[in-house]
1. Springs between alpha-carbon pairs under 10 angstrom, Gaussian network model over the chain: which of 39, 158, 114 fluctuates most?
2. With a 10 Å radius around each residue's Cβ, average the other Cβ atoms per peptide and rank 85-91, 200-206, 176-182, highest first.
3. Give me the percent of the accessible area of the chain that comes from carbon and sulfur atoms, probe 1.4 Å, all protein chains in place.
4. When the helix-only estimate is applied to the chain (DSSP H runs of n ≥ 4, each -39,500 (n - 2.57), divided by the residue count), what is the mean residue ellipticity at 222 nm, nearest 500 deg cm²/dmol?
5. Could you work out the local net charge near residue 9, counting Lys and Arg as +1, Asp and Glu as -1, over the other residues with Cβ closer than 14 Å to its Cβ?
6. Under a 1.4 Å probe, what is the accessible area of the chain per residue, stated in Å²?
7. Between 0 and 90 degrees, rounded to the nearest ten: what's the tilt of helix 14-24 against the longest Cα principal axis of the chain?
8. By how many degrees, between 0 and 90 and to the nearest 10, does the Cα long axis of helix 39-52 differ from the longest principal axis of the chain?
Amino acid sequence: MFDLRGNNLSEIDGVTLFGLVNLIYNNYTFEWWYYILSVDNLKSLVDECDEDGRTLTWKKLNLSLINLSSIKGSQLAILLKCSPELKHLDMSNCHLSGSIIKDVLNECNKKYVVLKPGLLDLKGNNLSDIDGVTLFRLVDLNCMNCFTFKWNYYSLSVDNLKGLIDTCYEHGGMLKWERLDLSGLNLSSIEGSKLACLLKFSPELKHLDMSNCHLSGSIIKDLLNEIQLKDQN
């Protein structure tokens, strides 16, 4: 009915924004930047839904390039709870941190919000402060055997990889990815045994890209030796 793209609606209140979303964006992607909306508008919308228990009917929401560094994980969890039909939430390049994502996942658990596989797009955010347990949950949520997990998309380091492997070792978790891209990551400090554990905990992995990773012959030797030992056991 309405096409309001290209208008500056940044002064809109939460009640009106709620009405706008449910009036015209049931089957389309709601592009936040089309209306010059900010993180404050998002917070107002979330508060409106939280106070009145209202439900948003959008199926796709694009928040990419919006600075979400000031938002709380609990607010994003409320957004997800109030959006039961949401299939894709693009939060790429939004200045999100690993700690915010940890809070989102924890709050979703508390609110019994089940996140659909592939729902969150977090590319372009620096998640280097993420812990191993949260990273495991994120991998499990985003991969589901449907695309290549690119390490550099999230500014992750070799320490994050070690933390993920340690989490799998301690909790016996299995990673569901089929393709993992570590290219360009400095792996000179990693042990061959760690890489062997990564392979062990990735039973469905078909391709592991470790090109240009500063690996040495001794690391590869240790890796192959560890694989042989695990095969023998």
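The values are calculated or read from the model by the stated rules, or taken from the named source; none is laboratory data. Worth saying up front: this structure is predicted, and the values here are computed from it rather than measured. Because the Cβ atoms are built from the backbone with ideal geometry, glycine has one as well, and the counts that use them run over all protein chains shown. SASA here: full protein model, heavy atoms, side chains in, ligands and nucleic acids out. Shrake-Rupley method; radii C 1.70, N 1.55, O 1.52, S 1.80 Å.
1. In this elastic network of the chain, the residue with the biggest mean-square fluctuation among 39, 158, 114 is 114.
2. The densest-packed peptide leads the list: 176-182, 85-91, 200-206.
3. On the chain, the fraction of accessible area on carbon and sulfur atoms equals 49 percent.
4. -13000 deg cm²/dmol
5. On the way: positive: 5; negative: 3, 11, 13, 31, 40.
My count for the surroundings of residue 9 gives -4.
6. I get 51 Å² per residue for the chain.
7. It is inclined by approximately 80 degrees.
8. 70 degrees
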